[in-house]
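S.K.: Please see the structure below; I have some questions.
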Amino acid sequence: MTTGATALDEPMRSRRNHWNNQIAVHARMRPDKAALRFRGVETTWRQLHERSLRFADGLARRGVGFGDRVLILALNYPEYLEAVFGINALGAIAVPVNFRLTPPEVGYIVQDSGAKAVVTDAMLVPLATAVRQQAPQIQTCVVIGGESGEDVIGFDDLLAEEGQAHTPLDIPEDTPSLIMYTSGTTGSPKGAVLTHANMNSQSLTCIRALVLDQESVGLCSSPLFHIAGIGSLAPAFQLGSTTVLHPLGAFDAGEFLDALEREQATSVFCVPAQWQLICDHPTVRARKLALKTVSWGAAPASDTVLRAMSECFPDAVNVAVFGQTEMSPITCVLEGKDAIRKLGSVGKPIPTIEARVVDDEMNDVAPGVIGEIVYRGPTLMRGYWNKPQETAAAFAGGWFHSGDLVRVDDEGFVFVVDRKKDMIISGGENIYCAEVENVLFAHPKVREAAVIGRPHEKWGEVPVAVLALHNPDDELTLAELTPFLNENLARYKQPKDILIVAELPRNASGKVVKGQLRTDLEPKTEA
């Protein structure tokens, strides 16, 4: 791991290929072009560059230096990105955190990362304050949109300070830029250490897969604390294109379509649950949109949602992106020309990485046989922060173990079958939850579906379906569902019970939190 940086002459430093230098180039070459738009207000490339450096100055005066970690606990704002780039200008590491976590959960991340400063916003000051009470090492708290007080300093006040500027450093590409904590659907979250080189490789992947150029206008609705959010912006920083930040909050498909139309966005990423709401909106086909690319990922999409996307946006390329935080995140892409022909696939591995599908002994499996997909390549994280044993396990055999069970067809297209940890073994038979869920999605009453395993005295486990219905006044019983299941699933794969809920619990990336389902619903062991 890089242990330091040096203050070198400007020509040497300018050769580094990472987003700080990319922004500096745009600040010189296209200074008045909009880098960001948020709630109708533009931030130019010159402003983004200058404000980021002034933020770095303020942190440096408060003792933040190379290798230090700075927590970011905030909603989506331009200042969020200014903070990231200011932190990275010092060779320090930004630690974006899910603002939906409780104080003890955030406190765990603070202690694990060893963060010595926090950036928050006015709405989340109470959460940040509660966390600081558990973490006395945090001496600096900067508040976006807030005023300075006894224990905090307003973001704009920090930028307006007079004082010594930070010493410009030559930051090597293998320097960590981010620690992105995994969603922690099982156990405590782990911090994936992503370097500048990782993010640069990610940007090239997005440019190719999403057909982006300098005139693209991307709309970002994903939270910046998630790799699907901040990772999707990497190509804009390289190209000098414009990004529209969509305010976070309860997702409203009508407001989102308004933003797409108003901003004339050309590219947008949403999770499948959001695309379902967008495609169901009554005005979607009447909109005058400029979309050239629509993309999805972070959670499985049903065939029903994918067909609806194709019908609603016939002039846009439909691209599936698949991956995980540890891979920065994209590993597979399904290009638009194959979207219908290979419905249900996440595409092929991107050209810059190696991928294999292996059994438990790391032997390659034949096409059509289910195995775990493992990776190597330039987007692969350095490791898990402060967790050498977990890192060693993830890299067993010299490859990163994704935990995703897949099969590959004779053309090389990858089809995700399940998460390895979610597979149900019932009476010696493997049941892949994603396969069962895809069938359940096709039932006309079912809006959302998740399948979990329930302990069973005879069979070990049996599948149970947790369903949310389109019409909350409807009812659906297992007896009513059985004829439909008989037509589409082998008997041993069929759910042995169903539970109806208003909605499935999801984390910020749109993934169903099955651990919460198992805990909250507390299914009883069957006799």
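Here, each number is a calculation from the coordinates, and none is a lab measurement. Note that the structure is predicted; figures quoted are calculated from it, not measured. Please note: Cβ atoms are built from the backbone with ideal geometry, for glycine as well, and neighbour counts cover all protein chains shown.
S.K.: Place a +1 charge on the Cβ of each Lys and Arg in the chain and a -1 charge on the Cβ of each Asp and Glu, then give the dipole magnitude about the Cα centre in debye, rounded to the nearest 20.
M.R.: 640
S.K.: Let me ask another. Could you give the semi-axes, largest first, of the ellipsoid that matches segment 128-226, computed as the square roots of 5 times the alpha carbon gyration tensor eigenvalues and rounded to whole Å?
M.R.: Output for segment 128-226: semi-axes of 30, 22, 17 Å.
S.K.: Ok, one more. I need Asp170, Asp404 ordered by Cβ neighbour count within 10 Å, fewest first.
M.R.: Asp170, Asp404
S.K.: Taking Cα centroids, how far is segment 214-238 from segment 317-360 in Å?
M.R.: 19
S.K.: I would also like to ask the following. Over the Cα atoms of segment 321-380, what Rg and Dmax result, in angstrom?
M.R.: Cα radius of gyration and Dmax of segment 321-380 are 12.2, 36 Å respectively.
S.K.: Which of Val406, Val333 has the fewest other C-beta atoms within 10 Å, and how do the rest follow up to the most?
M.R.: Ordered by Cβ neighbours within 10 Å, fewest first: Val406, Val333.
S.K.: Where the convex hull is taken over the Cα atoms of segment 246-302, what is its projected area averaged over directions, in nm²? Don't skip to the answer; put the middle values down first.
M.R.: Working: hull surface 16.0 nm².
Its Cα hull, projected and averaged over all orientations, spans 4.0 nm².
S.K.: In percent, what relative contact order does segment 368-407 have, based on Cα pairs under 8 Å that are 6 or more apart in sequence? All intermediate terms of the calculation are to be shown ahead of the outcome.
M.R.: Details: 38 pairs, mean separation 25.9, N = 40.
Across segment 368-407, relative contact order equals 65 percent.
S.K.: Dipole of segment 422-521 (Lys/Arg Cβ +1, Asp/Glu Cβ -1, origin at the Cα centre): which of Pro472, Asn507, Pro483 lies farthest to the positive side?
M.R.: Farthest towards the positive end: Asn507.
S.K.: Could you put Arg447, Arg341 in order, starting from the residue whose Cβ has the fewest other Cβ atoms within 10 Å?
M.R.: Arg341, Arg447
S.K.: Straight distance only, please: which lysines reach the Cα of Lys33 with their own Cα at less than 25 Å, same-chain residues fewer than 8 apart left out?
M.R.: Lys288, Lys292
S.K.: OK, next. In sequence order, what are the phi-derived ³J(HN,Hα) couplings for segment 464-469 according to the Karplus relation 6.51 cos²θ - 1.76 cosθ + 1.60 with θ = phi - 60°, rounded to whole Hz, with x for glycine and proline?
M.R.: 3J(HN,Hα) across segment 464-469, in whole Hz: 10, 9, 10, 10, 10, 9.
S.K.: Shifting gears a bit: Pop a pseudo-label 7 angstrom from the Cα along the beta-carbon direction at both His470 and Lys33 and give the gap in nm to one decimal.
M.R.: 4.4
S.K.: Could you work out the per residue convex hull volume over the alpha carbons of the chain, in cubic angstrom?
M.R.: Roughly 157 Å³ of hull volume per residue.
S.K.: What relative contact order, as a whole-number percentage, does segment 15-192 give when Cα pairs under 8 Å and 6 or more residues apart are counted?
M.R.: About 22 percent, as a whole number.
S.K.: Then there's this: Taking every pair of alpha-carbon atoms in segment 422-521, give the share separated by more than 17 Å as a whole percent.
M.R.: In whole percent, the share of Cα-Cα pairs in segment 422-521 beyond 17 Å is 48.
S.K.: Here is a further query. Multiply the residue gap between Asp497 and Asp151 by 0.36 nm, knock off their C-alpha separation, and tell me the result in nm, one decimal place.
M.R.: Value of the extension gain: 119.2 nm.
S.K.: Using a Förster distance of 51 Å, how high is the FRET efficiency between Glu457 and Lys337, based on the Cβ-Cβ distance and rounded to 0.05?
M.R.: Given R0 = 51 Å and the Cβ-Cβ separation, E is 0.50.
S.K.: A further question on this structure: If the reach is capped at under 13 angstrom between alpha carbons, list the aspartates and glutamates near Lys190, excluding any in the same chain fewer than eight residues apart.
M.R.: Glu105, Asp112, Glu326, Glu390
S.K.: Another question, then. Order of 227-233, 390-396 by packing, highest average Cβ count within 10 Å first?
M.R.: Working: 227-233: 26.3, 390-396: 14.9.
The peptides rank, most packed first, as 227-233, 390-396.
S.K.: Pop out the Kirkwood hydrodynamic radius of segment 1-112 from its pairwise C-alpha distances, inverse of mean 1/r, in Å to one decimal.
M.R.: Value: 15.4 Å, from the Cα pair sum.
S.K.: Next question. For segment 95-147, what size does the Cα cloud have along each of its three principal axes, sorted from largest down, in whole Å?
M.R.: 28, 23, 19
S.K.: Too long at a 18 Å Cα-Cα cut-off: which of Lys420/Lys511; Lys420/Lys514; Lys421/Lys514; Lys458/Lys496; Lys342/Lys420; Lys387/Lys514? Display every interim value, and only then the final one.
M.R.: Values: Lys420/Lys511 15 Å; Lys420/Lys514 13 Å; Lys421/Lys514 11 Å; Lys458/Lys496 13 Å; Lys342/Lys420 23 Å; Lys387/Lys514 24 Å.
Pairs exceeding the cut-off: Lys342/Lys420; Lys387/Lys514.
S.K.: Which of the chymotrypsin sites (Phe, Trp or Tyr not before Pro) found in segment 50-97 are in a DSSP loop and have at most 16 neighbouring Cβ atoms, other than their own, within 10 Å?
M.R.: Hits after loop and neighbour filter: Phe66.
S.K.: Would you please report the Å³ per residue occupied by the convex hull of the alpha carbon atoms in segment 372-480?
M.R.: Measuring per residue, one finds 198 Å³ for the Cα hull of segment 372-480.
S.K.: Kyte-Doolittle cut-off 0.5, length cut-off 18 Å along the helix's own axis using Cα: show which whole DSSP H helices in the chain pass.
M.R.: 227-239
S.K.: What dipole magnitude, in Debye to the nearest 20, does segment 422-521 give about its Cα centre under +1 on Lys/Arg Cβ and -1 on Asp/Glu Cβ?
M.R.: 260
S.K.: Placing unit charges on C-beta atoms (Lys and Arg positive, Asp and Glu negative, everything else neutral), compute the dipole magnitude of segment 303-414 about its Cα centre in debye, rounded to 20. Don't skip to the end; give the middle numbers.
M.R.: On the way: 10 positive and 17 negative charges, 67 e Å.
It comes to approximately 320 debye.
S.K.: So what's the Cα pair-distance distribution over segment 15-192, bin width 10 Å, in %?
M.R.: 10, 38, 37, 14, 1
S.K.: Run the simple label-point estimate for Thr477 and Thr102 please: 7 Å along Cα→C-beta, distance reported in nm.
M.R.: Here the answer is 3.8 nm between the modelled labels.
S.K.: Figure the gain on full extension for Ala286 and Ala160 (residue separation times 0.36 nm, minus the Cα-Cα span) and round it to one decimal in nm.
M.R.: 40.7 nm
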